[in-house]
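What follows is a short report on a single structure.
The values are calculated or read from the model by the stated rules, or taken from the named source; none is laboratory data. Keep in mind the model is a prediction, meaning the values are calculated, not measured. Positions of Cβ are backbone-derived with ideal geometry, glycine not excepted, and every protein chain shown enters the neighbour counts.
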Amino acid sequence: MQQRVCSGCSARYQRSSREMGNGSMKPKPLRQTDGQLVNFTVASCGKLSNVDSVKGKVWELEKELKKKNEELKNKDQVFQELQEQINKQTQVIAEITEELQSKCVQLSKLQDVIGSQGGSSLPVPTFRILQASPTNSLQVSPSRIMQTSPFKTLSGLFNNSKRKGAKEGISAEPTSRTYDPVGQTRFSFEKAHVRKSSSEKKLITDALNKKQFLKRLDPHQIQEMVECMYERTFSQGEYIIKQGEPGSHIFVLADGKTEVSQQNKLLTSIPVWTTFGELAILYNCTRTASVKAITNVRTWTLDREIFQNIMRKTAQSRHEEHRNFLRSVSLLKKLPEDKLMKIADSLQVETYEKGDYIIQEGEEGSTFFIIAKGRVKVTQSAKGYQEAQLIKTLEKGDYFGEKALISDDVRSANIIADDAVECLVMDRETFNQTVGTYEELQKYLEGYVANLNLDDERRHAKRSTSRQAAKTVSLEIIQIKEIVARFSPSSPFEHLEMITTLGVGGFGRVELVKVKNEKFTFALKCIKKKHIVENRQQEHIHSEKNILEEASSPFVVKLYRTFKDNKYVYMLLEVCLGGELWSLLRDRGSFDESTAKFCVGCVTEAFEYLHRIGVMYRDLKPENLLLDSEGYVKLVDFGFAKKIFPGQKTWTFCGTPEYVAPEVILNKGHSFSVDFWSLGILLYELLTGSPPFTGPDQMMIYNLILQGIEKIEFHKRISRRPEELIRRLCRQNPTERLGNMKNGIAGIKKHRWFNGFDWEGLCSRTHSSPLKPALEGPTDHSHFDNYPPDSEIPPDEISGWDQDF
């Protein structure tokens, strides 16, 4: 049965057909997608009406959705604008915070001045609390909060509040013990070893390696520490470590329970197989907390003296072995000792498993290898054979690839590890930078003696011209020495009149003195003999005396004479009335680049002179730099300075925590390169007001130093060129430091930051100083801090160690 067609639908369909074409055409029937005809019935039209209604609703919904999308887009735009505002505000807050921290430091410095002059006090800024932590010591004082003096001997502690923030030097006992009346017994690893089970050795090793500082030591050094640790027990209630007492042991808790307290306040407990007290094995420090046994306790312990012997002996043995390896290399055996030492320091250790190819035949190479452990096979391609043929084997002490140090080398054979192999490695680039190119070395070696004679002639020529230039100064010095030569060797104050105190320390005082009835003034350093002997620092005092007696440089303070009595030894020094560079930096906050450049230039000239006469300084910092009457910087306080020969190293831990080089911390032995490290740290501090490595305690500072200058994000005050200079001076590897490479200190002077700097004017003192002080006369001490009079009378000390004073 056919359905009735809706007339309205039919009419619409016919009308649309006429509009689309010939109206007389018969409209085509509609078909579905499957090809069937569509019949427009009344029922189907009702359905179409519903479809129109749905389409209308869809259109309205689409319109609403579009509107909502527009609103959402507008909100997104507003959100982005707000986010940008937040980012800008965050940046502003960060800049304000940084500025606030800087102001807090300046406020703290201002507080020191006000507290010193008026006796009033200001609240301590939060930022300063985070920066410093008091640590008292016999030889060691806190890294940034204890006091110091430009003329301090070793590590004096001062009571003047204005000295807060000054950095303090620290020193272990000298390893040579030249002036130890008991004498130094020869250290023996075998005698120091203590038997223990292999399981306990592993537990002790794991405990030591958990400490950031210790895990950076070489594995064989850790192994020796474990072997030498001895068992020590403590009864319930007994103190293992007591706050305020000097420490000289490191402990590993093996059994029992402990509690840690500070100022009688319980802090924490120590888990079993944990290391504690490790700072004491570096140098004599005062314990900052107490560790008490709650039950019976068993520990494994190591003394500082044994630790230092382990570090020195293992490093010396390794260095000697490396040097002997190098002496066996025909290409290198004629090099002078200092260059050979640089190569030895530059060698890197690489390990290979059995079957590893160390070198492949036909490849280009630039690396030189010395076998330190294991055996390698040498194979080479041969006609008539598919596989490379064995030529020979090489063992410990043998070397290969030496041609790569002087030219591009195409490897002529395979080198394959025959078992576990350890090689000492150096590449051509390092060789060229630290020692010199092959052409330079060939020329150097061919005319080695001739060049020495030529250098001597040049030095004599320079000396003669400098004598002419400074003739009047020399005459004045001669006149002064003639005057002081008349003084009694045991009673300097018979001829000297005290004016004021310039510095105070735990080892003594520095007094401004004037020759009676004369215009000449001096700085008299008065050192307590008893304190020196108690801290076994006689060798450092003798070294300071001998070095200053020999030194003759406008950038080093002059020593005119020494004296002694039963209580003190005295050093009569050139007085520098411009005051400490540290005090000036404290008051200004930081220096501009031109001022910093002048100061670093003076120190560089001082180092060039000292290194030429074989002296390394080892305690550079603003506290040890004084300004003379013309504003020129002079090095003072040579308590840590030491004279060494080219190629020689020394092992005593000494310096100032923020300034010590990584090799000093790791007891690897150190040489002149430590001075270049400290020069980079000094430049950073002069430009920003604080060193790059700071922390609440010394061990944290050391860990930061061991992580390297690469981890430091430089202050925005430091521009690109001084940053580059600092990073090159503070390389972790001593042989890669600017100043310690083939061009020596000339490399520092030629750095781009010094472009245009008048080095000749600096040496001739015609370069005007940006720090020239205003002085009213030879007794004007206004540029120094004030100190109370000394009421303490030290006991006599008559052991005779000072007989040559």
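Based on what the data block shows, is E534 farther than 24 Å from S782 by Cβ, in contact (Cβ under 8 Å) with a residue 40 or more places away in the chain and out of contact with any Asp or Glu (no Cβ under 8 Å at 6 or more places or on another chain)? Reasoning before the result, please.
Working: farther than 24 Å from S782 by Cβ: yes; in contact (Cβ under 8 Å) with a residue 40 or more places away in the chain: yes; out of contact with any Asp or Glu (no Cβ under 8 Å at 6 or more places or on another chain): yes.
In short, yes.
Which residue out of V510, V557, V569 is in contact with a Lys or Arg (Cβ under 7 Å, 6 or more places away or on another chain) and within 30 Å of I718 (Cβ to Cβ)? Even if it seems obvious, please write down each step before you answer.
Working: V510 fails: within 30 Å of I718 (Cβ to Cβ); V569 fails: within 30 Å of I718 (Cβ to Cβ).
Residue meeting the stated conditions: V557.
From A417, A404, grab the single residue that is of a type in the set (G, A, S) and farther than 29 Å from G747 by Cα. First the steps, then the outcome.
Working: A404 fails: farther than 29 Å from G747 by Cα.
Unique residue meeting the criteria: A417.
Looking only at the stretch 334-361, filter to residues that are in contact with a Lys or Arg (Cβ under 7 Å, 6 or more places away or on another chain) and closer than 24 Å to V410 by Cα; which one of those is surrounded by the fewest Cβ atoms within 10 Å (Cβ to Cβ)?
Q360
Considering only the stretch 714-767, how many residues are part of a loop (DSSP other than H, G, I, E, B), closer than 29 Å to L666 by Cβ and of a type in the set (D, E, K, R)?
Step one: of the stretch 714-767, the residues part of a loop (DSSP other than H, G, I, E, B) are 714-719, 730-733, 737-745, 750-751, 755-758, 764-767.
Then drop every residue that is not closer than 29 Å to L666 by Cβ, which leaves 714-715, 718, 730-733, 737-745, 751.
With the extra rule that they be of a type in the set (D, E, K, R), the set shrinks to 731, 737, 742.
Residues meeting the conditions: 3.
Would a scan of the stretch 323-343 turn up a residue that is at pLDDT below 90, within 33 Å of the chain's Cα centre (by Cα), in a strand (DSSP E or B) and not hydroxyl-bearing (S, T, Y)?
no
Please go through the stretch 277-313 and pick out each residue that is farther than 15 Å from P246 by Cα, part of a loop (DSSP other than H, G, I, E, B) and in contact (Cβ under 8 Å) with a residue 60 or more places away in the chain.
Across the stretch 277-313, the qualifying residue is only N296.
Taking the stretch 380-408 on its own, how many of its residues are of a type in the set (V, I, T) and assigned to a helix (DSSP H, G or I)? Give the steps one after another, and end with the answer.
Applying the first criterion (of a type in the set (V, I, T)) to the stretch 380-408 yields 391, 393, 406.
With assigned to a helix (DSSP H, G or I) added as a condition, the list becomes none.
The total comes to 0.
Kindly evaluate I709 against the criterion of being hydrophobic (A, V, I, L, M, F, W, C) and surrounded by fewer than 24 Cβ atoms within 10 Å (Cβ to Cβ).
On the way: hydrophobic (A, V, I, L, M, F, W, C): yes; surrounded by fewer than 24 Cβ atoms within 10 Å (Cβ to Cβ): yes.
Yes.
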